[in-house]
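Worksheet for the structure shown next.
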Amino acid sequence: MAAAWPLSAVAGLLPASLSLTLLLATLVSVLVLGAAAFFFEHIRKIGCTHSLERSAVLDAFFEDPNSLKKVVPCPSIFDPPEKYISLIVPAYNEEHRLPEALTETLNYLKQRSTTDKSFSYEVLIVDDGSTDRTSKVAFNFVKQNKIDNVRVLLLGRNHGKGEAVRKGMLHSRGELLLMLDADGATKVTDLEKLEAQVHALAKKVKSSPGTSTSSSQTLSDVEIAVFGSRAHLEKQALATRKWYRNFLMKGFHLVVLLTAGPGIKDTQCGFKMFTRATARKLFTNIRLKRWCFDVELVYLCKHLRIPMVEVSVNWTEIPGSKVRMTSIMHMVFELLLIKVGYGLGIWKIYS
C-alpha cells in the first residue's frame with residue numbers, strides 16, 4: 001500500500017494562488033465554526049442562568065428611610081395583589097431626568113387617588129447600578145411619599161433595562177403593572193388609554209364562549225398585555241432623522257418582524273401594561289436583560305397565547321437617550337438569540 005503524502009508535499013504541487021485560497025477557506029471555516037460554538041454556548045449559559053433564577057429563593061428588601069426598621073420585605077408576583085396599579089420605572093444614571101418625570105407621575109396618581117378612593121398605587125423605581133445620584137434622588141421621593149407608595153429597588157450593578165423591568169415586575173403588588181421610562185417621554189396620563197383597553201379586553205375574554213375564565217376571576221387573573229405605540233409618529237420621525245438612522249431603523253424593524261412576526265408595529269416603546277397574571281407568566285420566562293427584551297415579550301405573548309393590543313400614545317423626544325448607533329448591532333444579536341434559543345428549543349417556555 002502506498003504511503004500517504006504529507007500535506008506539505010501536496011501543497012507544494014498546487015499553484016500558489018490555489019494554496020492561498022485553500023488556506024483562506026480553512027481559516028474562514030475555523031472562524032465560522034468557532035463563532036457558532038461561542039454563540040450556542042452563550043445561548044446555553046443564558047438558559048442555565050434563567051433556570052437558576054427561576055428556582056432561586058429571593059430574600060430581598062426595600063430600604064425605608066422613614067422607619068427605624070429600615071427595611072420592608074419585597075413582595076412576590078405570586079402573592080395576591082395589594083394595590084390597583086404598580087408603575088415600574090427602570091433607571092440608570094437618571095439623576096437629571098428622573099425628578100421631573102417622577103413629580104409629574106406622582107402628582108397625577110395622588111390626584112386620581114383623591115377623586116377615586118378605590119384607586120391605589122405604588123411607584124417602584126429600579127436603580128440598575130447607577131454611578132450617579134439616581135438612588136439618592138429616588139430615596140428623596142420615598143421620604144416625601146412614604147414607602148407604601150414609592151419604593152426603590154437597588155440592583156447593585158448594571159444589568160440592563162430588561163433585567164431592571166423584570167425585577168420590578170416580580171416585586172410589584174398591583175393588579176395592573178405598567179412599565180414606563182424614567183425620562184417621562186410618554187405622559188403618565190396615557191396610562192388611562194392602556195387601562196381602558198385592558199378592561200375592554202378582560203370583559204371580552206370573560207364573555208367569550210369556550211373560555212376557561214370563570215366569572216369569579218378578578219382583573220388581575222385575566223391574561224392581557226397592552227403595548228403603547230409611537231407608530232403613528234413614524235412619518236414625522238422619518239422626516240427629522242438622518243437618512244442612515246432611518247436606514248438602520250428600517251433594517252432593525254425588518255429583523256424584528258422576522259423574529260417575532262407581525263402584530264405589534266412598535267415593540268420598543270417603553271410604555272407597556274400587563275395584568276398580574278400576564279406579568280407572572282412573561283417575567284418568569286424572559287431571558288434577555290438589555291435591549292430586545294421588548295421583542296421577547298411579544299414573542300412570548302404569541303406563544304403563550306396571551307391577548308395583546310397596541311395603543312397609540314403621546315411621545316416626546318427627551319435629550320439624554322442612552323441608545324447609540326452601535327446599540328443596533330447588539331440589538332440584532334439579541335434578536336438572533338431569541339430566534340435560535342426558542343426556535344431550537346434550547347430555551348423552554350414555561351406556562
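When Glu223, Glu234, Glu195 are checked against the criterion of being acidic (Asp, Glu) and at pLDDT below 90, a single residue qualifies: Glu234. Out of Leu282, Leu258, Leu248, Leu254, one residue alone is modelled with pLDDT of 95 or more and either touching a Leu at 6+ places or on another chain (Cβ under 8 Å) or under 28 Å from Ile43 (Cα atoms) (or both). It is Leu282.
Per the listing Arg290, Arg280, the residue uniquely open to solvent by 50 Å² or more (accessible area, probe 1.4 Å), within 24 Å of Leu178 (Cβ to Cβ) and in contact with a Gly (Cβ under 7 Å, 6 or more places away or on another chain) is Arg290.
Tell me, yes or no, whether the stretch 131-143 has at least one residue that is open to solvent by 10 Å² or more (accessible area, probe 1.4 Å), in a loop (DSSP other than H, G, I, E, B) and within 20 Å of Val72 (Cβ to Cβ). Working first, answer last.
Kept after step one, since they are open to solvent by 10 Å² or more (accessible area, probe 1.4 Å), are these residues of the stretch 131-143: 131-133, 135-137, 139-141, 143.
Keeping just the survivors that are in a loop (DSSP other than H, G, I, E, B) gives 131-133.
From what's left, within 20 Å of Val72 (Cβ to Cβ): none.
Checking the stretch 131-143: not a single residue is open to solvent by 10 Å² or more (accessible area, probe 1.4 Å), in a loop (DSSP other than H, G, I, E, B) and within 20 Å of Val72 (Cβ to Cβ).
Checked against the criterion of being farther than 16 Å from Ala101 by Cβ, hydrophobic (A, V, I, L, M, F, W, C) and open to solvent by less than 30 Å² (accessible area, probe 1.4 Å), the candidates Leu180, Leu153 yield just one match: Leu153. Return yes or no: is Val123 open to solvent by less than 60 Å² (accessible area, probe 1.4 Å) and either touching a residue at least 60 places away in the same chain (Cβ under 8 Å) or assigned to a helix (DSSP H, G or I) (or both)? In short, no. The residue of the stretch 311-320 that is modelled with the highest pLDDT, among those that are open to solvent by 50 Å² or more (accessible area, probe 1.4 Å) and under 26 Å from Ala279 (Cβ atoms), is Ser312.
Taking the conditions exactly as written (modelled with pLDDT under 95, of a type outside the set (Asp, Glu), surrounded by 14 or more Cβ atoms within 10 Å (Cβ to Cβ) and assigned to a helix (DSSP H, G or I)), does Leu337 satisfy them or not? Walk me through how you get there before you give the answer.
Working: modelled with pLDDT under 95: yes; of a type outside the set (Asp, Glu): yes; surrounded by 14 or more Cβ atoms within 10 Å (Cβ to Cβ): yes; assigned to a helix (DSSP H, G or I): yes.
Here the answer is yes, as Leu337 does meet what is asked.
If you go through the stretch 183-203 and pick out every residue that is open to solvent by less than 50 Å² (accessible area, probe 1.4 Å) and either among the small types (Gly, Ala, Ser) or in contact with a Phe, Trp or Tyr (Cβ under 6 Å, 6 or more places away or on another chain) (or both), you end up with 5.
In the stretch 306-320, which residues are assigned to a loop (DSSP other than H, G, I, E, B) and in contact (Cβ under 8 Å) with a residue 40 or more places away in the chain? Can you show your working first?
Narrowing the stretch 306-320 to residues assigned to a loop (DSSP other than H, G, I, E, B): 306-307, 313-320.
Within the stretch 306-320, Ile306, Pro307, Val313, Asn314, Trp315, Thr316, Glu317, Ile318, Gly320 meet the criteria.
Take Gly162 and decide whether it is in contact (Cβ under 8 Å) with a residue 40 or more places away in the chain and either in contact with a Leu (Cβ under 7 Å, 6 or more places away or on another chain) or open to solvent by less than 20 Å² (accessible area, probe 1.4 Å) (or both). It is true that Gly162 is in contact (Cβ under 8 Å) with a residue 40 or more places away in the chain and either in contact with a Leu (Cβ under 7 Å, 6 or more places away or on another chain) or open to solvent by less than 20 Å² (accessible area, probe 1.4 Å) (or both). Just give me the residues in the stretch 139-164 being touching a helix residue (DSSP H, G or I) at 6+ places or on another chain (Cβ under 7 Å), hydrophobic (A, V, I, L, M, F, W, C) and either closer than 17 Å to Thr105 by Cβ or modelled with pLDDT of 95 or more (or both), in sequence order. Residues satisfying the conditions are Phe141, Val150, Val152, Leu153.
The values are calculated or read from the model by the stated rules, or taken from the named source; none is laboratory data. Note that the structure is predicted; figures quoted are calculated from it, not measured. Glycine gets a Cβ as well: all are built from the backbone with ideal geometry, and neighbour counts include every protein chain shown. Ligands, DNA and RNA are excluded from the accessible area calculation, which covers all protein heavy atoms including side chains. Shrake-Rupley method; radii C 1.70, N 1.55, O 1.52, S 1.80 Å.
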